[in-house]
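Single-structure report; data block below.
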Amino acid sequence: MSAPTVTDWSNKTIMVVEDEEVNVYFFQAALKKTKANVIYASNGREAIEHVQSGKNIDIILMDIRLPEIDGYEATRKIKEISPNIPIIAQTAYAMANEREEILSAGCDDYISKPIRLHILIEVLEKFFNAE
């Protein structure tokens with residue numbers, strides 16, 4: 001059995017918008033081997049500020065349940081500023097009506113919590129390979 005291929009995203013910047021510390025640790029560990037530049041925002045306001053500051057962000061992993069500004073509103077505002085940044089919602093509540101709300105807010109895709117590493121990598125690859 002051969003070793004799994006390690007994806008090299010050293011030229012990519014991923015913003016993780018997440019307020020739960022344990023989930024931040026998961027993303028740090030999950031994305032470390034990819035060599036991606038990972039930046040964090042703990043709420044929707046910080047995420048919007050990162051995009052407004054002109055940082056080169058290739059993709060956003062957006063928690064939906066956030067303090068201050070939730071993921072829906074943050075997504076809408078980010079898409080107004082920079083409509084081409086793919087935003088992937090991450091939520092523990094991916095029921096049918098929420099899926100519609102996530103997509104209508106402007107998210108390009110979503111992944112359900114608890115997040116499985118192979119699904120996270122597959123979803124990110126789908127967007128990175130579409131560039």
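Readers should treat all values here as calculations from the given coordinates under stated rules, not as data from a laboratory. Fair warning: this is a prediction, and the values are worked out from it, not measured in the lab. Don't worry about glycine lacking a Cβ; one is built from the backbone with ideal geometry, like all the others, and counts go over all protein chains shown.
Points worth noting:
- Only lysines eight or more places from K33 in sequence, or on another chain, were considered; those with a Cα closer than 19 Å are K12, K126.
- If the chain linking S82 and D109 were pulled fully straight, counting 0.36 nm for each residue of separation and taking away their Cα-Cα distance, it would gain 8.1 nm.
- The slack between E101 and E21, meaning 0.36 nm per residue of separation minus the straight C-alpha distance, is 26.3 nm.
- FRET efficiency, K126 to S53 (Cβ-Cβ, R0 22 Å, nearest 0.05): 0.25
- Cβ-Cβ FRET estimate between A92 and S10, R0 fixed at 35 Å, reported to 0.05: 0.70
- Full-extension gain in nm, Q28 to E68, via 0.36 nm per residue minus C-alpha separation: 12.1 nm
- DSSP-assigned coil residues among trypsin sites (Lys or Arg not before Pro) in segment 95-131, each with at most 13 further Cβ atoms within 10 Å: R116
- Listed residue (Y72, L61, V123) projecting farthest to the positive dipole end of segment 13-130, Cβ model: V123
- Computed from Cα atoms alone, the Kirkwood hydrodynamic radius reported for the chain is 14.8 Å.
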